[in-house]
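This report refers to the structure that appears directly beneath it.
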Amino acid sequence: MRHQGLIRLITATAAFRSLQAGVELRQSQQVYGLAGSQLTLWLAGLLQETGRPLLVVTPGLEEARRITMDLSAFLPEEEVGFLPPAEVMPYEVYARSLDLAVQRLTVMESLLAGRIRVLAMPAAAAVQPMTPPEAWRKAIFHLAAGQQVTWEDLLHRLDALGYQRSEVVEVPGQVSVRGGIVDIFPLTMDQPVRVEFFDDEVDSIRTFDPRSQRSLEALPEIAVTPVRELLLTPEALERGKAALQREYQTQLKRLEKQGRGEAARHLEEKVAGYLEQLETGAFGTGLEQFRHLFYPQAPTILEYFPAPPLVVMDEPGRIKETMVQAAGEMAEMFGQLLAAGAALPSQAENPPDYDHLLKLFFRGRPLICFSLLPKQFPGISPMNIVGVTAKTMHPFLGKTNMLAEEVKNWRHSRYSVVLFAGNQERAQLIKDALWDQGVEAPVTEDLSGQLYPGQVMITLGTLQKGFEFPQWKLVAVSDAEVFGRQKRPRPRKSFKEGTRIAAFTDLKVGDFVVHVQHGIGRYRGIEQLEVGGVQKDYLLVQYSGEDRLYVPTDQVSMIQKYVGAEGHVPKLNRLGGNEWARAKKRVQESVEAMAEELLALYAAREAMPGYAFSPDTVWQRDFEASFPYTETPDQLQAIAEVKRDMEARRPMDRLLCGDVGYGKTEVALRAAFKAVMDGKQVAVLVPTTILAQQHYQTFQERMAAFPVSVAVLSRFRSAKQQEQTVKGLRAGAVDIVIGTHRLLSQDVKFKNLGLVIVDEEQRFGVAHKEKLKQLSKNVDVLTLTATPIPRTLHMSMVGVRDMSLIETPPEDRFPVQTYVVEYSPELVREAIRREMSRGGQVYFVHNRVMDIDRITRHLQELLPDARIGVAHGQMREDQLERVMLDFMEGNYDVLVCTSIVENGLDISNVNTLIVHEADHFGLSQLYQLRGRVGRTNRLAYAYFTYRRDRVLGEAAEKRLAAIREFTEFGSGFKIAMRDLEIRGAGNILGPEQHGHMLSVGFDLYCQLMEEAVQKLRARTGEPAGEAAPEPTGPTIELNVDAYISDAYIPQAALKMEVYQRMMAVESMADVEQLEEEVFDRFGELPPVVKNLMHLARLKVLAQEVHVTRVEHKKGEVHLVFGPDHGLKGEKLMQLAGAFPRRLSFSVAGGLTIAARVAGMSQADLLILVESIFKRIKLLAAARTG
């Protein structure tokens, strides 16, 4: 345990010893006077002194999470657990995200393994019935190298544990089977594992990287843990099935007797589905709601502890209050569900009940209750009451002189003073600041030694709140008090951790493709054809009419997946027509003209004189240290690029791209602060009044501790306020101004403008953009865009546009718990009530303006107490802004709106999203809508609903399936991101170029752009950078069987991936690496795949010795050379001597070497050609040497 010196100061007190004695006497006790981090310190003391595990029950989720985060300052992360309640939904759930399941299952497994020493959980989770630990222990199985396992048994057990079959394993809960290889991603492991079999014996077990799919390290054995909580033993299955059938029949008769035919039909439909699941063993989502039928005497979390824990209740009064409210809401909800035939009576029999909680955890056990005030709690009679006097620490808000004065006073009064810092950098900043004020405070990573009166120490760790114990003369100050904001440590890895925006290359049958020479067609799969007695794989592409094209796999680089805007269906070209050539030429000319214009602008800006800002000041470092999050690598890179531009003598013109919430604003804040430190003014231009208000609040809050004057100019300011701001700008009294296009008015003049920050430039009109050009002449400009752009576009524009990309999502966000679920008024009421009860707000998205008022009335009937606002794009701008501002300021609980909220709004208090008829939305829209919630460290919820009674069209069915994929495994994330990137590209390049992009597909567009830029830079004499690799290399046509059989790799998409990788090899090392990877992922290479690898090696060697073509003709192989081969006279004689009576030479029209191969086997033929290439390479090396 860390910081034992601090803990010992508490455990040595009479108050704590009294508590400890009570524990030993098994007494129920009450401790009052403690809250927040003060309580956490006492919990750490209890753990240390009693040696017993702790179970801490809190009123709600946030309190449990705070205790968990605080305890991480004292204990290793793996010893502290946080168990949120299981989401048991009595509705038709089509899909749900796995984040909550991962969290719960990981904790359950860690508890059983004895790793967790402190578990914090809300009361709602504490009373939930659990799967018996014995069922869990039986379900977990181990795999070890050398173990005998039948294939069928392994797959049956994985199915029973809830693993989902997938072509490629990328996220927890997936399993993939290929030949003798099984890839599994257990929920409780950081990385997936690859299990290779030799017959029925486990040959090896290796972890692998889910991104590259390459093996990492060998493991002797692994534990395979369940993917779902409800594990059914054969007895439990039979018991539950009989109980469900019995209760269902009774309730069905009751409803029919009451004349409620519609409700009876609904119940029949619902329960029949669950009974079918139980019969077939294909358990889907939803069976958890009947857990009580399978396990009537269900155990509690207590039974998961290897040794009985000490039970601690935090604020029992508030726990009771919360549970009474939840029980009332649950009773009301189930009353309506029962009437509608959507639930069974037994589901409502065990509401979350305070008396039930006490019975479970208090029966025969000592209980410790903590509370801030000394009051009595129903059902609890403590035998020992301990009172403590403690104070919460006041904030210093970055004013280190105030902090130093306070520290001196404490030191003078013989207090022990501990200052907590979130990281080493902050610790050093605190140390330096105190040193400057005459206070010496050493930094230590762990306060393990004794703390003495008058001693001041800085240590690493994160506390929510500092505190003071006056009677024991102890003070702890958190960095939240020092800097005004807390430095949050990175949390434990979530499986969605920082997925980078990657190129989306996987190809499915039916996808549109672009052939560089033949245009847009539809991919129909890989076909094996025999041509000239040789078997090879070909890609079949269907063109307009009956036109079909078979593309050899060695020309796969000529084909790209067509990527356009979501929902855009391109027109198929005809083979042999000139329509494609015309379209390509049009785009080429347009791209060249645009590249020329961009290059001219870039060159003009490079030559323009600008202001070179000074290097970072001490205040800059202090300001950056007050950022409450850990910066992502992309953020740090972008900050460095912006600062480098600002310190250069030419004016900056940088575009910063990144998804909403990825940290662009922080980059802008640091740039603005740097400008102000040099006495320059900053203008921040935003497209809407709402955004101006948001940025104003952010800038003010972040700069509160520094003498920086921030003002806002928008319609929401009175005429007098606007006049004062304009005067302040002219006089230099305002350092930073944030505003809409009002900033571009004639009356706005700056005394010393140094930096212009433009947010979402594409949302300004042409006239405003012209005025902006005038404003930003000769000053540094930083443009932010929230729509991400593809890396390929970024790379193709290197040298004509300075761009920074932030592609890594911040890791300290809690994932959004997502459900795809049938629309139900009860579900909506419960979801909104839950959010309102924790003081939060809700977005209800309905994308049809014509009946948005009807939906609003429906919601108001469901929730008479809720304050509901309406926002949509057809409202007057000032009216819309007023509603949005009222919502931001908390005047509404629910905002019923169209998808206009998908852009630009950042309201941290909104943590529930309900999307009505989600099957009408595109994936990228849903992705962005979901990004509106979960912007803080609160658990957020997103419900994508669809109508139960509606027959979905094929397109909507497909979209719903894609949403399910997106929700459950995050794989749809790539599709959503790709569409967003295309949108981003259109925003940057303008509507005309967006049209061109759609006509040839995105990837070819980027290729043409890159070629145009390289050509122009070469013409102007500038270094052209790395030229784009030519898509065509040497062509190798040998009569050998070379293909990937379905028996080896059955999945077409994975075959395509291997072919694409094979065509991209550029060196022998690349081929070797690919061969190793294919062996690693798919097992021993069959002869036909070995031939493919051999052909890839020949392609590399041919390129090295300047052979452009290898042809197989009537018993001979012809090697056709390009220029610069350097083989003449003596060298050719030496080559002929190395292969006697095998070679002949022709020099008419260039060198051709013919090798006689009649009667040779395919393997010998390949070896011979490779030997000839290697000998030529040696001869060439001897010549150059």
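The values are calculated or read from the model by the stated rules, or taken from the named source; none is laboratory data. Computed from a predicted model, the values in this text were never measured in an experiment. Cβ sites come from the backbone with ideal geometry, for glycine too, and all protein chains shown count toward neighbours.
Suppose the filter is charged (D, E, K, R) and either farther than 28 Å from R96 by Cα or out of contact with any Ser or Thr (no Cβ under 9 Å at 6 or more places or on another chain) (or both); does E247 pass it?
Considered against the rule, which asks whether it is charged (D, E, K, R) and either farther than 28 Å from R96 by Cα or out of contact with any Ser or Thr (no Cβ under 9 Å at 6 or more places or on another chain) (or both), E247 comes out as no.
Looking at (1) at negative phi; (2) touching a residue at least 12 places away in the same chain (Cβ under 8 Å); (3) surrounded by fewer than 21 Cβ atoms within 10 Å (Cβ to Cβ), can you tell me which one V618 breaks?
Tallying (1) at negative phi; (2) touching a residue at least 12 places away in the same chain (Cβ under 8 Å); (3) surrounded by fewer than 21 Cβ atoms within 10 Å (Cβ to Cβ), V618 fails exactly one: (2).
If I filter region 84-105 for residues that are modelled with pLDDT under 90, of a type in the set (K, R), part of a strand (DSSP E or B) and outside the structural domain of L219 (by TED's automatic domain parsing), do I get at least one hit?
Looking through region 84-105, at least one residue is modelled with pLDDT under 90, of a type in the set (K, R), part of a strand (DSSP E or B) and outside the structural domain of L219 (by TED's automatic domain parsing).
Taking helices (runs of 4 or more DSSP H) that do not extend beyond region 576-665, which have at least 1 residues that are within 25 Å of the chain's Cα centre (by Cα)?
Once the helices (runs of 4 or more DSSP H) in region 576-665 are filtered for at least 1 residues that are within 25 Å of the chain's Cα centre (by Cα), what remains is 618-625, 633-647.
Only residues that are β-branched (V, I, T) and closer than 19 Å to G995 by Cβ: list them for region 554-610, please.
V563, V569, V587, V591
Can we say F921 is under 31 Å from the mean Cα position of the chain (by Cα), buried (at least 18 other Cβ atoms within 10 Å of the Cβ) and over 15 Å from F944 (Cα atoms)?
no
Among the residues of region 1048-1061, is there at least one that is of a type in the set (A, V, I, L, M, F, W, C) and without any contact (Cβ under 8 Å) to a residue 60 or more places away in the chain?
For region 1048-1061, residues of a type in the set (A, V, I, L, M, F, W, C) and without any contact (Cβ under 8 Å) to a residue 60 or more places away in the chain: present.
Restricted to region 198-231, and to residues that are touching a Ser or Thr at 6+ places or on another chain (Cβ under 8 Å) and of a type in the set (A, V, I, L, M), which residue is surrounded by the fewest Cβ atoms within 10 Å (Cβ to Cβ)?
Checked region 198-231; the qualifying residue surrounded by the fewest Cβ atoms within 10 Å (Cβ to Cβ) is A218.
Regarding E1104, is this residue charged (D, E, K, R) and more than 14 Å from P1034 (Cα to Cα)?
Judged against the criteria, E1104 is not a match.
Has region 1156-1167 got any residue that is among the aliphatic types (A, V, I, L, M) and more than 17 Å from L1038 (Cβ to Cβ)?
No, region 1156-1167 contains no residue that is among the aliphatic types (A, V, I, L, M) and more than 17 Å from L1038 (Cβ to Cβ).
Residue check: is L880 surrounded by fewer than 17 Cβ atoms within 10 Å (Cβ to Cβ), at pLDDT 80 or above, hydrophobic (A, V, I, L, M, F, W, C) and farther than 27 Å from H568 by Cβ?
no
Of the conditions (1) free of Cβ contacts under 8 Å to residues at least 40 places away in the same chain; (2) under 25 Å from D1070 (Cβ atoms); (3) more than 51 Å from the chain's Cα centre (by Cα), D1124 fails just one. Which one is it?
Only one criterion is unmet by D1124, namely (3).
Do any residues in region 628-656 that are more than 13 Å from D802 (Cα to Cα) have Cβ atoms under 9 Å from those of residues that are hydroxyl-bearing (S, T, Y) and modelled with pLDDT of 90 or more, where the two are at least six apart or on different chains, and which pairs are they?
Cβ pairs passing all conditions: E647/S614; R649/Y611.
Would region 866-874 turn up any residue that is at pLDDT below 90 and over 30 Å from the mean Cα position of the chain (by Cα)?
Taking every residue of region 866-874 in turn, at least one turns out to be at pLDDT below 90 and over 30 Å from the mean Cα position of the chain (by Cα).
Do you know which of the residues in region 4-42 that are in contact with a helix residue (DSSP H, G or I) (Cβ under 8 Å, 6 or more places away or on another chain) and not in a helix (DSSP H, G or I) is farthest from Y415 (Cα to Cα)?
S28
So V195 ticks every box in (1) touching a Gly at 6+ places or on another chain (Cβ under 6 Å); (2) surrounded by 19 or more Cβ atoms within 10 Å (Cβ to Cβ) but one. Which box is left unticked?
Checking V195 against (1) touching a Gly at 6+ places or on another chain (Cβ under 6 Å); (2) surrounded by 19 or more Cβ atoms within 10 Å (Cβ to Cβ), the one that fails is (1).
Give the residues of region 676-696 that are surrounded by fewer than 24 Cβ atoms within 10 Å (Cβ to Cβ) and of a type in the set (G, A, S), sorted by residue number.
The one that is surrounded by fewer than 24 Cβ atoms within 10 Å (Cβ to Cβ) and of a type in the set (G, A, S): G679.
Condition (residue is closer than 18 Å to G162 by Cβ, small (G, A, S) and modelled with pLDDT of 90 or more) applied to region 238-252: is it met by at least one residue?
yes
Can you give me the number of residues within region 368-414 that are surrounded by 17 or more Cβ atoms within 10 Å (Cβ to Cβ), small (G, A, S) and closer than 23 Å to A14 by Cα?
Result for region 368-414: 2.
List pairs: first residue in region 532-554 and on the phi > 0 side of the Ramachandran plot, second residue part of a loop (DSSP other than H, G, I, E, B) anywhere in the structure, Cβ distance under 9 angstrom, at least six positions apart or on different chains.
Listed by first residue and then by second, the contacts come to G532/N1039; G533/N1039; G545/L572; G545/R574; G545/L575.
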